[in-house]
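Here is the structure we will look at, set down as structure tokens.
The values are calculated or read from the model by the stated rules, or taken from the named source; none is laboratory data. Quick caveat: nothing in here was measured; it's all calculated off a predicted structure. Backbone-built Cβ (ideal geometry, glycine too); neighbour counts: all protein chains shown.
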Amino acid sequence: MAGLEDLYREIILDHYRSPRNRGELPVPPAHKVEGFNPLCGDEVVLYLDVDPESDMVRDVKIAGQGCSISQASTSMMSAAVKGRPLAEVRQLIRAFKALMSIHESKLEGDGEGDGSDLAAELAGVRLGDLEALQGVVKFPVRIKCATLAWNTLQQALDETAQAQA
Amino acid sequence: MTALDIAKLKRDFPILERKVNGKRLVYLDSASSAQKPLAVLNAMDECHRNYYANIHRGVYTIAEEATAAFEAARRKVAQFVNAPRAEEIIFTRNATEAINLVAYSWARANLRAGDAIVLSHMEHHSNVVPWQMLAAERGVELRWIPLAPDFRLDLSNLDALLDGARLLAISAMSNVLGTINDIRPLADAAHAHGALVLVDACQYVPHVATDVQQWDADFIAFSSHKLLGPTGIGALWSRLELLEAMPPFLGGGEMIRDVRLDGFTTNDVPWKFEAGTPAIVEAVGFGAAVDYLSALGMDAVRAHEVSLTGYALEALRDRFGESLTIYGPTGVDRRGGAVSFLFDGIHAHDVSQVLDEDAVCVRAGHHCAKPLMRQLGVPATTRASFYLYNDEADVDALVEALAKAQKFFAV
């Protein structure tokens, strides 16, 4: 049986209690995207400032409210992408989603399936603190709490790319 | 009135013997859906095993038995809410469908652009969205009775809200706050303005003796699964003359008297509103559930829940003081057994996750009442709700598990 300590790792509680990069950024140059989890009312507001010259995340700020998992995941995401090149950020999103779904397919007992593709997404990507969130997959209803920030980030990247195109 | 013997009564509910995470199941989510007693499980099993057939069709023995059981269930449900006639009970899929039936049949035949419908800020989505859909389609105006600081309806502006209204659609008991609304004076006020009254009694009927004649409302919706019966069946009560004047809702078999290539004529009420094969076994279960409750006595059920809710409100306040906010009336008077609360700084989902470790089942979220949550200024609450099979030990288990959650997330 998965215990609470699998879900609420100390690093997660730390990000929940002391979220990093809280605040707002002027729009523009930053891009603002809101993400909602309609089921539980979790809300993520993401300000993403991308430097078009270097294609780097110049700055990121977050606001919103929600459960510890959604808010910690948002905080960890902000710390992980700040100052990183967009290519790495996109790779990180894929890796994080793979982390969430690999365990999902393991839970459903089809370990063979497309698990190898997902493993490939993870290969060579340093998740660091984010690995603490892998316990979430043992609590399937909470996975969407963890992925909310990342889906919102994906949307912000897509909209930023469109705006610059 | 004989007081309920809860220890004995718990044994009627097989699921309460189950262990989760090695702990005794503490089920505090009956406002969402209630557990089922053996009497209901056995009645449904018996129907499936011994006399299951489609109803109102076959002339063979078991078809007649199934039809008789289905119509007997209708009489039992009618009696349970003191409806004058069994035909005034229409079986629907749930309370939501009962409300939609009124929105599609009565409202679309009678309301036009500029007409107003009065709702309240404490309505469940099932008594909000059907009217919003109608408003968008027909240009009907929606007006809202606001919430007072004591979590009751603010009726100070009721007459102005009802002026020119065609319908008042209101909950008898809030699924979030537990607030009981006094229906009779609301119905009298609405009728004085020429408006009809629909009561969402989904939370009320399972817990308080209900007399539709005393309420003097026009439509009353409730479901089976919140009153110990199965899912998949609910009921709409309305006055016979209203039902007879209303156009049908869904078209199909059973609801017709005759069908020709150029049209159809409708069956009598209630079958006019029951197109297709209904939930036959579920109706039998619904009937068994109201039999079970009637045998215990609804006054005894209510007395037990008043006492238990009082115990819970006091225990929560004593143990957690200011760190826990209760969203609902503070006294047990005119209040049901749904208790919504929030810890300072701890999200409702995290609370219920910790509670699950101790097999304490509570609901966390917006409880399908997002307009109300916005009024309260919170994204979600945790809700414990009580029924006849809960006792003080269940409340104690809740309080202990909450203390654990508070400690776990201590900032």
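Tabulated values for the structure
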{"read-out": "Filter result for the condition that a residue is touching a Lys or Arg at 6+ places or on another chain (Cβ under 9 Å), surrounded by fewer than 19 Cβ atoms within 10 Å (Cβ to Cβ) and farther than 16 Å from A:ASN151 by Cα, over A:PRO29, A:PRO85, A:PRO52", "value": "A:PRO29"}
{"read-out": "Region B:323-349, residues that are closer than 27 Å to B:ARG302 by Cα, of a type outside the set (Val, Ile, Thr), away from every other protein chain (no Cβ under 14 Å) and not in a loop (DSSP other than H, G, I, E, B)", "value": "B:LEU324, B:TYR327, B:ARG335, B:ALA338, B:PHE341"}
{"read-out": "Qualifying positions in region B:228-272 - touching a His at 6+ places or on another chain (Cβ under 7 Å) and of a type outside the set (S, T, N, Q)", "value": "B:GLU254"}
{"read-out": "Lone qualifier among B:LEU308, B:LEU316 - being farther than 19 Å from B:ALA34 by Cα, in a helix (DSSP H, G or I) and either in contact (Cβ under 8 Å) with a residue 12 or more places away in the chain or in the same structural domain as B:VAL77 (by TED's automatic domain parsing) (or both)", "value": "B:LEU316"}
{"read-out": "Any pair with Cβ under 7 angstrom, 6 or more apart, that starts in region B:59-73 at a residue that is touching a residue at least 40 places away in the same chain (Cβ under 8 Å) and ends at one that is loosely packed, with under 13 Cβ neighbours inside 10 Å", "value": "none"}
{"read-out": "Selection count where residues are closer than 26 Å to A:TYR8 by Cα and either within 14 Å of chain B (Cβ to nearest Cβ) or free of Cβ contacts under 8 Å to residues at least 60 places away in the same chain (or both), scope region A:19-69", "value": "25"}
{"read-out": "Residue list for region B:40-53, filter: surrounded by fewer than 18 Cβ atoms within 10 Å (Cβ to Cβ) and within 21 Å of the chain's Cα centre (by Cα)", "value": "B:LEU41"}
{"read-out": "Test result for B:LEU242, in the same structural domain as B:PHE80 (by TED's automatic domain parsing) and farther than 30 Å from B:LEU4 by Cβ", "value": "yes"}
{"read-out": "Check on A:ARG142, of a type outside the set (A, V, I, L, M, F, W, C) and modelled with pLDDT under 80", "value": "no"}
{"read-out": "Options B:SER352, B:SER294; residue that is within 14 Å of chain A (Cβ to nearest Cβ) and in contact (Cβ under 8 Å) with a residue 12 or more places away in the chain", "value": "B:SER352"}
{"read-out": "Residues of region A:7-18 that turn out to be crowded, with 19+ Cβ neighbours inside 10 Å and within 12 Å of chain B (Cβ to nearest Cβ), as a count", "value": "4"}
{"read-out": "Helices (runs of 4 or more DSSP H) completely within region A:1-90 that count 1 or more residues being in contact with a Leu (Cβ under 6 Å, 6 or more places away or on another chain)", "value": "A:68-81"}
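Listed here are the residues, each with its yes/no results for (1) within 22 Å of B:ALA7 (Cβ to Cβ); (2) assigned to a helix (DSSP H, G or I).
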{"residue": "B:SER352", "(1), (2)": "no, yes"}
{"residue": "B:CYS368", "(1), (2)": "no, no"}
{"residue": "B:ARG374", "(1), (2)": "no, yes"}
{"residue": "B:ALA384", "(1), (2)": "yes, no"}
{"residue": "B:TYR387", "(1), (2)": "yes, no"}
{"residue": "B:ALA393", "(1), (2)": "yes, yes"}
{"residue": "B:LEU402", "(1), (2)": "no, yes"}
